[in-house]
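The structure appears below as structure tokens.
Readers should treat all values here as calculations from the given coordinates under stated rules, not as data from a laboratory. Nothing here was measured: the structure is a model prediction, and the numbers come from that model. Quick reminder, even Gly has a Cβ in these numbers, built from the backbone with ideal geometry, and neighbours come from all protein chains shown.
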Amino acid sequence: MSVTTPSEVDHDDTPAGREEPGSRPPTVSRRRRRLRPYTLAVPAVLLCVGILYPFFVGVSYTVFNFSAANPNPAFVGLRNFAEITTSAPFWNSVRVTGSFAVTATVVETVLGVGVALLLYRGGILGKVLERALIVPLMVAPILAAIMWKLLLLPEVGWVRPLLAGLGVTDYTGTDSPLWAFIWSVVVDAWIYTPFVAIIALAGLRSLPASPFEAAAVDGAGWWFTFRRLTLPMLWPYVFVAVIFRLMDSLKMFDIIFGLTTGGPGDSTTTLQINAYLESISYARYSRGITYMVVLWAAVYLISMVLVGYLRRLQNRTAGEAT
Amino acid sequence: MNSEPRPRLGLARRDLLRIAGLGTALSAAAPLLSACGFGGGPADEGGSAADAVTGAFDWKKHDGKTVKLLMNKHPYTDALKAHQAEFTTKTGITLQIDEFPESNYFDKVTLELQSGQGGYDAFMLGAYMVWQYGPPGYLEDLNPWINNASATHAEFEPADFYPNLLTAGQWDFTNGNPLGGDRQWMLPWGFESNVVAYRKDVFDKLGLTPAEDFDSLIELAKTIDTKASSNGFGDMYGIAVRGSKEWATIHPGFMTMYTRLGLKDFAVENGRLKPTMNTPEAIAFTDKWAGMVRDSGPAGWTSYTWYQASSDLGAGKAGMLFDADIASYFQNEKTTAAGKLAWHPGPKGPDGNLNTNLWIWSLAMNSASKNKEAAWWFLQWAESKEHLQYAATQGQHIDAVRRSVATSAEYKDRLAPNTGFLETFEQVIDSTKIQFTPQKNFFDATTSWAAALQDIYGGADAKSTLDELATSLEPRVND
């Protein structure tokens, strides 16, 4: 017969005050108690391994010359990085990726805040639109891209007759690099402006009323109130949306690929599209993953800077509020 | 006791632990890479599984087995599905068919083959894919199976296939070497020759005849573009061809006309490929082609795949289509243009040649299949005269890859209502073959070529664009 000594019994889990009179506290052995922190960590460790293992495998591919044409690859060190960073297609895709991410984020932020301000005014129409606003977000981006591609096709789409009605007769869809870029931004904005608007609207609704009441009493105009009160107080909320949109836009693949396949020429070929072409279409796996690792590093560094700025912004706003 | 703080090392203990952890993770990952397919691929075991098949051939030998097929969503697959009960009755083998649309079909095939898991026993592919999937050993050589009388039924008759189609599935995997050899990586199942389809009613009303040379084709397209709408044919443009940024833009009409003019994509010099799409003649042709599309093609051309190009012909928006003959054939039923289409081989070369590039939908066996014998039983049935005759006459399995099917009265009767279709087929079939130089980076080369063509269409200088293309391609195709 085993005897449990008082020192081996864990009473910590059940505060004495909550014990039912006459009930026996559960006993936990010392061994189980010591193992508990580790068992609690098991799901987190498994999750980390699940995430990090493919990541490290991917990173390791970058130092080999693995491709369909070369199924038994050799170690090549940093040659893949050297080759792609000295190639014109890489720098072209860096330029396209950066231009697209900045333009789309700015457009969506401005439109999103504008839409949020309109919806904040309330009314029946506002309430209906608020619910309708999330519809584009429910469409898979690749489907939205294909839908827009059909709309934009001059021979069959609706855009050409609409523009013709406005007097535009030389519409050629996504045939020119400039218009391919503009339409890519338009489709991205169509899908994601509601995302920014929803976050901005939530921010607007959480702003304290008293500063606005004071401004109204002092006779401040709409523009003054917006510039000096609304925008500074709303900015930490909007900036969260900016971070999400910028990071997502830097990784842009589906919308542009569905709409233009990266063309005409290479005018809308982003880093992700180059990664896809190298990895899947050309079966040069190591080069494709090198593109992805470079993009990952860029997104990681930029997100660190932006999150640091957001933290300072939130601290400053909290300081101003107190 | 020394109370002074210990001098800090460059790395704290926690940092060292982190580095050790990272190192451990990396070293653990390295040997596991092979488990993920890295450096793997199906091993070349030196012999063929076909050698193990002995005794008399028996269709029922694999009764009760299941063959998994990865297929493109295509009329050829529809005909197979309509006929598959016949196969199961004959062999006792069940087919499990997974279909994917063409837009992402080859991504699926690439991932499946690269995994090396043998999830599918057989699949559809094109000749150009052999150049990418063959070298890593993803494809089973079918010749040992064909040549083994115990594994192949007596009526299989490989000689019945059009020779150029059979040759398209053979290659020794040496860049620049011609197709052919003693290994058969795929069997042709259905194919497309690239010719001109046109609106006969438009031609009749405008008093036009099909172009016999390239310059006439350009003028003809311009004439249709300017005169069709004023003659009651709506907003019709001159000629539809593919224009999207992908390899498939180059291989149909463009490559056919390029080849008829005597032009080559690469020259082989001292075992290295030298891009030749920037010779003066090639530059002149490319500039003319882009100009033809700009002047007489559709707006939004850079989005045009085979689907948009052929749909425009069917919808009455295009007067001509220079593309796969079956793409236009399918537009001759249940469309605005139904019954009004006619076919012509297209412009001849200066020497009168009708060299034509082709696309072949073929069937191949996954070298990682764990079910190779049953898979071959399926392949030989799907490639048999029995199935192909059924598919070509009861389904939409056109063009026929077997001479016996293509020359059968039933097949000819079926195609007879399509004005000039059979005559065109018969004129080009002997000159129809893969016109590209076989090389392992085909998709990179042709996608880049399509991007350059788009740039030239957009107004870029043809010479500098093609010079830049050739310069950038040269190291990549020889890597």
If R0 = 51 Å, then B:Thr66 and A:Met247, at their Cβ-Cβ distance, give a FRET efficiency to the nearest 0.05 of 0.65
The farthest towards the positive end of the charge dipole of chain A, of the residues A:Pro194, A:Tyr237, A:Val135, given +1 on Cβ of Lys and Arg and -1 on Cβ of Asp and Glu, is A:Tyr237
Only helices counted: for chain B, with every DSSP H run of 4 or more residues adding -39500 (n - 2.57) and the sum spread over all residues, [θ] at 222 nm is -12500 deg cm²/dmol
The long-range amide H neighbours of B:Ser193, using H built 1.01 Å from N in the peptide plane and a cut-off of under 5 Å, are B:Asp325, B:Ile326
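Restricting things to Cα coordinates, could you compute the convex hull volume per residue of region B:260-410 in Å³?
210 Å³
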The ³J(HN,Hα) series, computed from each phi in region A:215-230 with the Karplus coefficients 6.51, -1.76 and 1.60 at θ = phi - 60°, rounded to the nearest Hz and given as x for glycine or proline, is 5, 5, 4, 6, x, 5, x, 4, 5, 4, 4, 5, 6, 9, 10, 4
Put in order of increasing Cβ neighbours within 10 Å, starting from the fewest, B:Ser244, B:Ser448 give B:Ser244, B:Ser448
Placing each pseudo-label 7 Å from Cα in the direction of the beta carbon, A:Val168 and A:Ala44 end up separated by a distance in nanometres of 5.3 nm
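Across the residues of B:67-80, average count of Cβ atoms on other protein chains within 10 Å?
0
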Hydrodynamic radius by Kirkwood for chain B, inverse mean 1/r across distinct Cα pairs, in Å, is 24.5 Å
If one builds a Gaussian network model of chain A from Cα atoms under 10 Å apart, the most fluctuating residue listed among A:Val217, A:Val299, A:Val106 is A:Val217
Quarter of the surface of the C-alpha convex hull for the protein assembly as shown, i.e. direction-averaged projected area in nm², equals 53.7 nm²
If every Lys and Arg gets +1 and every Asp and Glu gets -1 at its Cβ, then about the Cα centre region B:388-465 yields a dipole, in debye to the nearest 20, of 220 debye
Too long for a 21 Å Cα-Cα cut-off, among B:Lys348/B:Lys385; A:Lys251/B:Lys73; B:Lys205/B:Lys340; B:Lys245/B:Lys440, are B:Lys348/B:Lys385; A:Lys251/B:Lys73
Ordered by fewest other Cβ atoms within 10 Å, a rough proxy for footprinting exposure, B:Asp141, B:Asp444 read B:Asp141, B:Asp444
Extension length gain for A:Arg30 and A:Leu178 (0.36 nm per residue less Cα distance), in nm, is 46.3 nm
Per the rule of 0.36 nm per residue minus the C-alpha distance, extending A:Val128 to A:Gln314 adds in nm 63.8 nm
Two pseudo-spin positions, 7 Å from Cα along C-beta at B:His153 and at B:Asp107, lie apart in nanometres by 3.8 nm
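Please compute the average number of Cβ atoms from other chains found within 10 Å of each residue's Cβ in peptide B:243-250.
4
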Given B:83-91, A:243-251, the highest-first ranking by average Cβ count within 10 Å works out to A:243-251, B:83-91
Taking a crude spin-label model, label points 7 Å out from Cα along the C-beta direction, the A:Ala216 to A:Leu151 distance in nm is 3.7 nm
The answer for B:Asp213, listing residues at least 5 apart or on another chain whose modeled amide H is closer than 5 Å to its amide H, is B:Lys348
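Counting Lys and Arg as +1 and Asp and Glu as -1, each charge on the Cβ, what is the dipole of chain B about the Cα centre in debye, to the nearest 20? Walk me through the numbers before you get to the answer.
Working: 42 positive and 58 negative charges, 254 e Å.
In total the dipole reaches around 1220 debye.
Of all trypsin sites (Lys or Arg not before Pro) in region A:95-138, which ones are in loop regions per DSSP and have a Cβ with at most 14 other Cβ atoms within 10 Å?
For trypsin sites (Lys or Arg not before Pro) across region A:95-138 that sit outside H, G, I, E and B with at most 14 neighbouring Cβ atoms in 10 Å, the list reads A:Arg121.
Which order results if B:Trp376, A:Trp158 are arranged by neighbouring Cβ count within 10 Å, fewest first?
Neighbour counts put them in this order, fewest first: A:Trp158, B:Trp376.
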Compactness check, chain A: C-alpha Rg relative to the 2.2 N^0.38 Å globular estimate gives 1.40
For peptide A:173-184, the mean count of other chain Cβ atoms within 10 Å per residue Cβ is 3
Check: C-alpha center region A:165-236 vs C-alpha center region B:266-323, spacing in Å is 43 Å
